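The values are calculated or read from the model by the stated rules, or taken from the named source; none is laboratory data. Here the structure is a predicted model, which means the values were calculated and not measured. Here the Cβ positions follow ideal geometry from the backbone for every residue, glycine too, while neighbour counts run over all protein chains shown.
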Amino acid sequence: MTQQKKASRRTERIRKRRTYLMEGNHGCRSAILFILCWSQYQLLKELSNPPPRQLPEPLSPPGLSPERSKYLFQNKRQFVREDCQDILCPAVPE
């Protein structure tokens, strides 16, 4: 079998699979398209400059300011379920 026939059969299989998945109700269509088209995108344009192998240092969120904590405690705590009030709107330390 020639390379051209192999390529055309592969393209036809991909087209049939894409049509099947897009016409039915198979979940998130954008995710399906991404997976099906994965081979069409070149993620690393320069193979001589690979991405780093180590993960970056984790960032810690700064937390709420005292003013925001006071606002949540005084104005919004009444709208939160009782079992979640101490987590979402804790008392402000004086």
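Of the residues making up the stretch 33-91, those that are assigned to a loop (DSSP other than H, G, I, E, B) and either charged (D, E, K, R) or modelled with pLDDT of 65 or more (or both) number 25. Taking the criterion of being of a type in the set (K, R) and surrounded by fewer than 12 Cβ atoms within 10 Å (Cβ to Cβ), the only residue of the stretch 62-78 that qualifies is R68.
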